[in-house]
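Novice: Quick one: structure below, then a few questions.
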Amino acid sequence: MTDRFNPAVQILKDYGYDSAKLIPILQKIQDAYHYLPEDVMRFIANELKISPAKVYGVATFFAHFATTPKGKHIIKVCNGTACHVKGSSAIISAVKEKLKLKDGQETTADALFTLECVSCLGACGLAPVMVIDDTVHGQMTADKAAALIDEVVKAEASHGN
Ligand code: FES
């Protein structure tokens, strides 16, 4: 039971239980747990002697923080203007189909992938753009997107052996 909070305790120690460091603390918590679980946020609030509302407020204010579980691999498809004009909708549809995501579902049932549709990734010259785990792929097509997903799945399968 308490094991679950061990990473959080270590992170709090590293930051000297300083509530002024809440943002970097949450960053490390997200790295450790892959998102910000509600019970861990409550634990952090209690340990830092600040209100849970303050912790939730920070967690939900920054788009960068995730309060729901994410997949191991994050796929971002840009749907900003430049990418949209060059056909990002077809890529989003292809990725959803490939990952068997239902409407409103972002993370695959096996928690291997999360799909995020984002606005401008700042690489409009490469439109349409897709990012997998921080690697930018430009001039994307539905077929290329599906092939990249296959590569990740294959790499995962070979790690498992
Ligand atoms: S609109 Fe897609 S990278 Fe700018």
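The values are calculated or read from the model by the stated rules, or taken from the named source; none is laboratory data. Note that the coordinates shown come from a computational prediction; the quantities given were computed from them, not determined experimentally. Using ideal geometry, Cβ is built from the backbone for each residue, glycine included, and neighbour counts are taken over all protein chains shown.
Novice: If Gly104 satisfies all but one of (1) touching a Cys at 6+ places or on another chain (Cβ under 6 Å); (2) away from the ligand (no atom under 16 Å from the Cβ), what's the number of the condition it fails?
Specialist: If we test Gly104 against (1) touching a Cys at 6+ places or on another chain (Cβ under 6 Å); (2) away from the ligand (no atom under 16 Å from the Cβ), just (1) comes out false.
Novice: Also, I was wondering about something else. Considering segment 130-155 alone, what residues qualify as being under 21 Å from His34 (Cα atoms) and over 18 Å from the mean Cα position of the chain (by Cα)?
Specialist: Correct list: Ala155 only.
Novice: If only one of Ser119, Ser88, Ser93 is of a type in the set (S, T, N, Q), surrounded by fewer than 17 Cβ atoms within 10 Å (Cβ to Cβ) and at pLDDT 95 or above, which one is it?
Specialist: Exactly one of Ser119, Ser88, Ser93 is of a type in the set (S, T, N, Q), surrounded by fewer than 17 Cβ atoms within 10 Å (Cβ to Cβ) and at pLDDT 95 or above, namely Ser93.
Novice: Of the conditions (1) within 16 Å of the ligand (Cβ to nearest atom); (2) at pLDDT below 95; (3) among the hydrophobic types (A, V, I, L, M, F, W, C), Met130 satisfies every one except a single condition; which number is it?
Specialist: Only one criterion is unmet by Met130, namely (2).
Novice: Out of Thr114, Thr81, I need the residue that is of a type in the set (Val, Ile, Thr) and within 12 Å of the ligand (Cβ to nearest atom). Which one?
Specialist: None of the other options fit; the residue is Thr81.
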